[in-house]
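The values are calculated or read from the model by the stated rules, or taken from the named source; none is laboratory data. All of these numbers come straight from a predicted model, not from anything done at the bench. Here the Cβ positions follow ideal geometry from the backbone for every residue, glycine too, while neighbour counts run over all protein chains shown. Heavy atoms of the whole protein, side chains included, go into the accessibility calculation; ligands, DNA and RNA do not. Shrake-Rupley method; radii C 1.70, N 1.55, O 1.52, S 1.80 Å.
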Amino acid sequence: MFNVEKIRQDFPILSRKVNGQPLVYFDNAATSQTPQQVIDVIVDYYSNYNANIHRGVHSLSQEATDKYEAARHKIQHHFNAEKAHEIILTSGTTHGINLVASGFASLLSASDEVIVSALEHHSNIVPWQMLCEKTGAVLKVIPMNDEGELVKDIYNDLLSDKTKLVFVNHISNALGTINPIEHIIKKAHQVGAAVLVDGAQACPHIKPDVQALDVDFYVASAHKMCGPTGVGMLYGKEEWLNKLPPYQGGGEMIAEVTFEKTTYADLPHKFEAGTPNICGGIAFGAAIDYLNNIGFDAIATYENELLDYATKQLLTIEGLKIYGTSKHKTSVISFNIGTIHPYDIGTIVDKLGIAVRTGHHCAQPIMDYYKIPGTIRASFAFYNTKAEIDKLVNALKKAIEMLS
Ligand SMILES: *Cc1c(COP(=O)(O)O)cnc(C)c1O
């Protein structure tokens with residue numbers, strides 16, 4: 001049974017006050033909160049076995065290495081990767097995308113094309129633009145419609161034997177739309193293109209199976225999945241990871257170094273130069289355990305209830321317009337009220353203890369599509385409640401009164 005009150009007790013931050021009011025945290029699409037079970041793992045690491053990994057013969061180093069590699073296996077099993085060395089631990093989604101984009105610089109030429117979608121976070125746009133500048137490859141864009149969905153037919157038309165790579169997010173952080181990545185991957189493979197899926201926004205809500213998807217690269221960040229900041233994962237099919245050159249040079253990523261020639265280590269170490277976020281990687285594993293203990297089916301069912309409830313309640317406010325109205329979406333609601341600037345509303349509801357995000361949500365092309373400077377975004381997690389949504393609705397009504 002899903003017991004939200006019991007779950008909330010796992011999150012110490014949820015019982016604090018902000019501006020004298022109980023915190024209502026609706027900025028989960030930017031980062032999630034951390035349960036005590038994960039905090040304990042972080043404290044345990046620094047209290048008991050902090051040491052550098054893969055190097056020392058001493059016991060602490062062994063212990064840290066074992067726990068770090070155990071976390072890699074947890075991540076592997078969670079995403080159903082075939083091999084543990086197909087999981088590269090990164091500093092997050094942005095790092096994973098840059099690693100792949102930088103690697104493709106040696107594989108693309110000016111006659112090649114790559115495809116992005118109109119619904120992307122800047123971190124899944126800018127690294128590829130840099131790649132195109134370097135190689136001369138041409139960037140094509142899958143357009144979106146008014147509901148905030150990708151237009152499949154145009155995507156099919158963009159594909160050709162020139163297409164080498166397609167990169168899309170699994171779920172849009174700005175609108176919550178779940179993209180048809182199964183279709184996108186299948187079609188891309190028919191023309192021989194590889195696909196990278198940005199799963200940063202999907203992984204808090206669903207459990208992707210990289211083998212069933214047959215995706216070539218999949219990236220995620222721990223901090224959106226109840227884990228710490230500064231750590232994430234890149235899944236890559238072994239054959240692709242072997243094809244890409246190393247991203248950074250340094251310690252850990254080499255087999256042998258002389259001034260004449262350096263040879264690189266095998267996967268995954270080839271892509272893990274330098275001392276990684278050891279504690280973060282171990283805590284990422286603990287966060288995955290935490291989420292799986294609750295269960296992704298239970299999480300999805302409950303979050304959909306919150307989404308439906310919030311959508312209905314928000315639409316009772318006169319002049320409120322929701323952006324992103326696809327039937328396939330997760331618990332993110334982007335909206336504006338009349339012509340009031342989102343920032344003004346965000347500031348007032350913060351005074352009432354409610355954390356929402358305002359602005360372009362690192363997805364400026366979406367805002368340009370709707371011809372707006374930004375939105376107010378309320379994004380819900382499994383530890384939020386309907387009572388908190390009621391508070392938001394009341395706070396918005398107060399803000400409207402004050403601003404009009
Ligand atoms: C948060 C997010 C990112 C960036 O993640 P970082 O952890 O900041 O690297 C990229 N894409 C999407 C869809 C996101 O939601």
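Rounded to the nearest 0.05, what FRET efficiency do residue 37 and residue 214 give with R0 = 41 Å and r taken as the Cβ-Cβ distance? Could you check? E between residue 37 and residue 214, to the nearest 0.05, is 0.80. For segment 91-147, just say rounded, prolate or oblate: build the C-alpha gyration tensor, square-root its eigenvalues into a ≥ b ≥ c, call rounded for a/c under 1.5, and beyond that prolate if a/b exceeds b/c, oblate if not. Note, shape of segment 91-147 comes out oblate.
For residue 52 and residue 355, the FRET efficiency from 1/(1 + (r/R0)^6), where r spans their Cβ atoms and R0 equals 41 Å, is about 0.65.
Just name one of 309, 122, 41: the one whose Cα is farthest towards the positive end of the charge dipole of the chain (beta-carbon charges, Lys/Arg +1, Asp/Glu -1). Towards the positive end, the residue furthest out is 309. Label sites at residue 298 and residue 191, each approximated as a point 7 angstrom past Cα along Cα to Cβ, lie 4.4 nm apart. Counting only whole DSSP H helices of the chain, the ones at least 20 Å long by C-alpha along their axis and with mean Kyte-Doolittle hydropathy no lower than -1.0 are 278-294, 296-314, 386-403.
Whenever you get a sec, compute what percent of the accessible area on segment 331-389 sits on carbon and sulfur atoms (1.4 Å probe). The value for segment 331-389 is 57 percent carbon and sulfur by accessible area. In order along segment 220-232, the Karplus-derived 3J(HN,Hα) couplings, from 6.51 cos²θ - 1.76 cosθ + 1.60 at θ = phi - 60°, round to 8, 10, 5, 5, 9, 10, 6, x, x, 6, x, 8, x Hz, and Gly and Pro are given as x. Accessible surface computed residue by residue for the chain, with neighbouring protein chains in place and a 1.4 Å probe, gives 43 Å² per residue. Net length available on complete extension from residue 305 to residue 60 is 83.6 nm, with 0.36 nm assigned per residue and the Cα-Cα distance removed.
Label-to-label distance, residue 153 versus residue 341, with points set 7 angstrom from Cα along the beta-carbon direction: 4.1 nm.
Of the accessible area of segment 39-292, computed with a 1.4 Å probe over protein heavy atoms only, carbon and sulfur atoms account for 51 percent. Taking GluC sites (Glu not before Pro) across segment 300-404, the ones in a DSSP loop with at most 14 further Cβ atoms lying within 10 angstrom of their Cβ are 318.
Close amide H contacts of residue 166 (hydrogens built in the peptide plane, cut-off under 5 Å, sequence separation of 5 or more or a different chain): 115, 194, 195, 196. For segment 204-263, a simple Cβ point-charge model (Lys and Arg +1, Asp and Glu -1, everything else neutral) yields a dipole of about 260 debye relative to the Cα centre. What shape does the chain have by the C-alpha gyration tensor, where a ≥ b ≥ c are the square roots of the eigenvalues, rounded means a/c under 1.5, and otherwise prolate means a/b greater than b/c and oblate the rest? Here the chain falls in the oblate category.
Of all the options 73, 328, 360, the one that moves most in a Gaussian network model of the chain with Cα springs shorter than 10 angstrom is 328. So if I take the centroid of the Cα atoms in segment 185-213 and the same for segment 85-121, what is the distance between those two points in Å? Rounded to whole Å, the Cα centres lie 13 Å apart. In this rough spin-label picture, where each label sits 7 Å from Cα along the Cβ direction, the residue 161-residue 130 distance is 3.3 nm. In terms of its alpha-carbon gyration tensor, segment 1-158 comes out oblate; a/c meets the 1.5 threshold, while b/c is at least as large as a/b.
For the chain, the 222 nm mean residue ellipticity estimated from helices alone, with every DSSP H stretch of n ≥ 4 adding -39500 (n - 2.57) and the total spread over all residues, rounds to -11500 deg cm²/dmol.
What you get for the chain, charging only the Cβ of Lys and Arg (+1) and of Asp and Glu (-1), is a dipole of about 800 debye around the Cα centre. Counting only protein chain heavy atoms and rolling a 1.4 Å probe, the accessible areas of 140, 321 rank, largest first, as 321, 140.
The chymotrypsin sites (Phe, Trp or Tyr not before Pro) of segment 1-41 that meet both conditions, a loop assignment by DSSP and at most 14 other Cβ atoms within 10 Å of the site Cβ, are 2. Couplings 3J(HN,Hα) of segment 356-370, computed from phi: 10, 9, 10, x, 9, 6, 6, 9, 4, x, 5, 5, 4, 4, 7 Hz, in residue order, whole Hz [Karplus 6.51 cos²θ - 1.76 cosθ + 1.60, θ = phi - 60°; x for Gly and Pro]. Averaging Cα coordinates gives a centre for segment 266-284 and one for segment 298-373; these two points are 36 Å apart.
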